[in-house]
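Only one structure is covered here, and it is reproduced in the block below.
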Amino acid sequence: MCGIVGFAFRDSFEIKDSVKALKRLEYRGYDSFGYADNNGVVGKHVGEIAIDKVPALNTKIAITHTRWSTHGGVTEMNAHPHTDCSGKIAIVHNGIISNYREIREEMEKAGHAFKSQTDSEAIAHFFENKNIKDAAPEFFSKFQGEFAVLLVKKAEEKIYAFKRGSPLVLGIAPEGNILASDIYAFSDRTNRAVFFNEDEFAEITSEGFTFYSITDTTIPIEKEITVFSWKEGEELGEYPHYMIKEIKEIPRAASRLLLSLGGEQKPAVEKVVRMLKDAKRVIFVASGSSYHAALIGVQFLARAGMEARAVVASEFRSFMLLDENTVAVAVSQSGETMDVIEAMRGIKAKGVKIASLVNVPYSTVQRMSNAHLNIGAGQEVCVAATKTFINQVITMAYMASMLGYRADFASLNDCITKALLQEERIKEIAAELKDERDIYILGRGVCYPVAREIALKLKEIAYVHAEGMMAGELKHGTLALIEKGTPVICLMPKNDKDIVSSAEEVKARGAKVISFTSNGYDSEEGVKINATDAATFAIASAIVGQILTYYIAMGKGLPIDKPRNLAKSVTVK
Ligand code: F6R
């Protein structure tokens, strides 16, 4: 993860300004941050980005970094930028250098003094006393793993940029050039961008940019300028947290998506659906919440008579069934999740076509795909996926509906609105559950992935150990854990009789059953879900789970938008 930003401007600016742009990437990591310029200034701080910690200094060149630690603890020393022995070179790095131990050992033997425990510091020492451009090819061959690196050299009016694996993009702004991990760092200043491809190196000044492929750093390569459009994330406004603001945006985001799938995205939808139809095997690949949306997609497609599977991206390597009759569907909010990208690389290497569902446009996943759909949820700032998960599920239902599945899109907005109107009831339940250590969530069919998704939300945001289960599996072991007072949330759509038996089974053993219910079962104890079919029930109950999580976390006074140890964009393996 980590976020990096570099400014090369014609006129001098305050270093604080570049750190403000970095703040827009804070969802990529927030355990420490730092900055450096080409006058030898280097500053590092532990904790979230705090603009007031940055000194009032002016420069024309600066690089900045917000960290999600991988190698070395959260300390000032381990924060980026890292410098070489002479202090003339400063670098920021997003990614992981997999062979850094060997490189560090070799450099230490050669007399370099390391100050941090990070994998990144070796990069600064490598370039010590070297002409950066001349040494770039050797850097790419010596350093293994993933990296997006920005480098400044004292007294030089440029930023050197290196890209392998981790995302990097150049924004062309009126003030000069901006390098960043993603477009959001500069989308308030410009909508013109140049995306780095793999193994590219660039020299960036305030006036221009020169890109090279690492196979030949003598001849510059042509780069295309992309003009992008991206809806800005609005300010928090009346809300105390982005999580609740983003949950409340669901009706708008969902309506916008449905309009776009039937309107401007229609040709793309038709292309993706054709790919699915022509395939013998459909494999979804995703992580976290996106994986849960993919599991729901599998069920929708099954109802349309199409066999599909969902594979967790980090486990994809062991999935062998890929051939010319397969289509892979990558699902990713950020479009930058390294596990997904790695899996896609393997898939592409086998010549398999990829469709993708992404939220962040021009992301790596989108650019690697043969066809893509944009879930159009707009900027999501809270680490937890809320509105983007719902829009992923809607997109899945929409694709399946083009293949014969019947989802009640006409009632969708009403179901969503009614779920949101349950806020007061959900708050009461949250107050009751606030001190629980373990919560079980039971669902069947489409509700099983929803149960897992609610459990994930409870774990990451409310720090509750939660388990989302297939209700039928309960009696095969987990029932042993149910005792007097154990909270069990049951997802109870109208036509599911068996979930009622599961609820009775846990109740008989003393569990406290909380039903999210369309079938009237124990509705006084739970939350009524107004749903007309499996898809609307899945969506409405997921929203209720999100609100419940939010209020449990509120009750515990937790850092809701930035939970400990996590980051929104997981750009490391
Ligand atoms: C959970 C959450 C994560 C992401 C996962 C994949 O609320 O947000 O589990 O779903 O890290 O991220 P994307 O969808 O960006 O690939």
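The values are calculated or read from the model by the stated rules, or taken from the named source; none is laboratory data. Since the model is a prediction, treat every value here as computed from it, not as a measurement. FYI the Cβ positions are ideal-geometry reconstructions off the backbone, even for glycines, and counts take in every protein chain you see.
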| note | Within the range 538-573, the residues that are touching a Ser or Thr at 6+ places or on another chain (Cβ under 6 Å) and of a type in the set (A, V, I, L, M, F, W, C) are 570, 572
| query | Of the residues that make up the range 555-571, is at least one of a type in the set (Val, Ile, Thr) and either over 23 Å from the mean Cα position of the chain (by Cα) or over 29 Å from residue 240 (Cβ atoms) (or both)? | reply | no
| task | State yes or no: is residue 310 buried (at least 19 other Cβ atoms within 10 Å of the Cβ), in the same structural domain as residue 348 (by TED's automatic domain parsing) and within 14 Å of the ligand (Cβ to nearest atom)? | result | yes
| message | Residues that are in a strand (DSSP E or B) and under 26 Å from residue 132 (Cα atoms): does the range 15-31 have at least one? | response | no
| note | Of the listed residues (249, 238, 270), the one being among the acidic types (Asp, Glu) and either in contact with a helix residue (DSSP H, G or I) (Cβ under 8 Å, 6 or more places away or on another chain) or within 17 Å of residue 360 (Cβ to Cβ) (or both) is 249
| Just for the range 455-472: of the residues that are under 21 Å from the mean Cα position of the chain (by Cα) and over 14 Å from residue 289 (Cα atoms), which one is farthest from the ligand (Cβ to nearest atom)? | 463
| field | Residue list for the range 9-29, restricted to those being under 20 Å from residue 182 (Cα atoms) and of a type in the set (S, T, N, Q) | value | 18
| request: May I ask you to verify whether residue 475 is surrounded by fewer than 24 Cβ atoms within 10 Å (Cβ to Cβ), free of Cβ contacts under 8 Å to residues at least 60 places away in the same chain and within 16 Å of the ligand (Cβ to nearest atom)? | output: no
| request: Could you tell me whether any residue of the range 295-314 is aromatic (Phe, Trp, Tyr) and not in a helix (DSSP H, G or I)? | output: no
| Filtered residues of the range 374-424 (kept if within 14 Å of the ligand (Cβ to nearest atom) and over 15 Å from the mean Cα position of the chain (by Cα)) | 393, 395, 396
| remark: When restricted to 452, 444, the only residue within 16 Å of the ligand (Cβ to nearest atom) and buried (at least 17 other Cβ atoms within 10 Å of the Cβ) is 452
| Checking residue 254 against (1) loosely packed, with under 15 Cβ neighbours inside 10 Å; (2) part of a helix (DSSP H, G or I); (3) touching a helix residue (DSSP H, G or I) at 6+ places or on another chain (Cβ under 9 Å); (4) among the aliphatic types (A, V, I, L, M), which single condition isn't satisfied? | (1)
| query | Looking at the range 408-445, which of its residues are closer than 16 Å to residue 244 by Cα and in a loop (DSSP other than H, G, I, E, B)? | reply | 421, 422
| field | Tally of residues being in contact with a strand residue (DSSP E or B) (Cβ under 7 Å, 6 or more places away or on another chain) and surrounded by 19 or more Cβ atoms within 10 Å (Cβ to Cβ) across the range 270-305 | value | 17
